[in-house]
Amino acid sequence: MMKGIVISSRYGVFEVDTASTILEVKARGLFRHQKKKIIVGDYVTVDEETLTIVEVEDRKNELIRPAIANVDRAYVVMSYIEPDFSPYLVMKFFTYLNYHQITPSLIVTKMDRCQNREAMEKWKDLLKGLGYSTFFLSTKQEEDMKALKEDIQGKTCLFLGQSGVGKSSLLNTIFPKWDLKIGSYSSSLGRGRHQTKEVLLLPYEGGYLADTPGFSSLELELTMQEIQENFPGFKPYIGHCFFKDCIHVHEKKCALKEAVEKEQYPQELYDLYLELTKEITEDRRKLR
Ligand code: GDP
Ligand code: ZN
């Protein structure tokens, strides 16, 4: 028996990275009967005689789209410009990841084109105050690249971002020949780069980097309750409002609004929360 991690999955064939080798295996019938779906990132036990997965460990977290389990860190990749940096989207992504119990960090690319360093440093400080790291990158200068490379070591890392933010450039910098690697990976599985919908894990410095093609925009399919529980930095205030189901907008005796007044919770971030709740209510109204 060997333990390993599922690094690719296609039509019931899985590649499992064990400490010594990568095995191509199938899942035992038992899992199919249990309707237990094995996904990339799963820690499994493989019987090397029959080349079948005989056991799947409980997941510490999982996402459905992209389908991936046991993510140690999700890097939300945003560009300073083209598309414009949006603190609103940062908070939206972070809320989504918090809900899924995945620790987020922020990467801002194209900082060589930054005209307002101070404003960007301000967002970085605000996030740092809530315990989140931010990395400023640019293809023209080193900046935080070294720190980022150190940060990703030994972890299963997921990179999320809209197209055009410089995700491919970044991954190619971290992992030279990234495109080639992904390309050969895909063709060995009998498909081209652009047909790849599944997540792939690439071994990197004792951990893994996840390639997530097709993940562009994000539908926040959370209830208002789930959003207020997972919005960055809200945790310490949850359960301290007068109303049990307080969503911290119009309610009286709201612990969160008091924290904003006392400058314990940043006004700028609270404003983004209001924007998010507004968008959610409008979306729901449209659906009716
Ligand atoms: P992706 O769609 O997120 O994979 O983005 P790409 O890596 O293809 O990059 C989109 C565009 O942004 C390309 O024209 C890149 O050359 C450019 N770009 C990426 N990173 C940087 C950067 O740090 N600075 C500048 N000035 N341009 C960048
Ligand atoms: Zn409240």
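The values are calculated or read from the model by the stated rules, or taken from the named source; none is laboratory data. Keep in mind it's a predicted model, so treat the numbers as computed, not measured. Methodologically, a virtual Cβ is constructed for each residue, glycine included, from the backbone with ideal geometry; neighbour enumeration extends over all protein chains shown. Remember, those area values only see protein heavy atoms, side chains included, never the ligands or the DNA or RNA. Shrake-Rupley method; radii C 1.70, N 1.55, O 1.52, S 1.80 Å.
Observations, loosely collected:
- Just one of the listed residues (F94, F85) is open to solvent by 20 Å² or more (accessible area, probe 1.4 Å), touching a residue at least 12 places away in the same chain (Cβ under 8 Å) and not hydroxyl-bearing (S, T, Y), and it is F85.
- Qualifying residue in segment 215-225 (condition: in a helix (DSSP H, G or I), modelled with pLDDT of 95 or more, closer than 23 Å to T103 by Cβ and of a type outside the set (A, V, I, L, M, F, W, C)): no
- Residue in segment 110-138 that is farthest from N98 (Cα to Cα), counting only those that are of a type in the set (S, T, N, Q) and touching a Lys or Arg at 6+ places or on another chain (Cβ under 8 Å): S138
- For segment 63-82, the tally of residues that are away from ligand 1 (no atom under 16 Å from the Cβ) and open to solvent by 10 Å² or more (accessible area, probe 1.4 Å) stands at 5.
- Whichever residue in segment 223-262 is among the aliphatic types (A, V, I, L, M) and closer than 19 Å to Y88 by Cα and, among such residues, is surrounded by the most Cβ atoms within 10 Å (Cβ to Cβ): L256
- From K36, K60, K26, residue being part of a strand (DSSP E or B) and open to solvent by 30 Å² or more (accessible area, probe 1.4 Å): K26
- Filtered residue count, segment 101-153, keeping only those that are within 23 Å of G206 (Cα to Cα) and in a helix (DSSP H, G or I): 8
- Residue check for L256: in a helix (DSSP H, G or I), within 16 Å of ligand 2 (Cβ to nearest atom) and modelled with pLDDT of 95 or more: yes
- Residues located in segment 116-169, provided they are among the small types (G, A, S), in contact with a strand residue (DSSP E or B) (Cβ under 7 Å, 6 or more places away or on another chain) and at pLDDT 95 or above: S133, A147, G154
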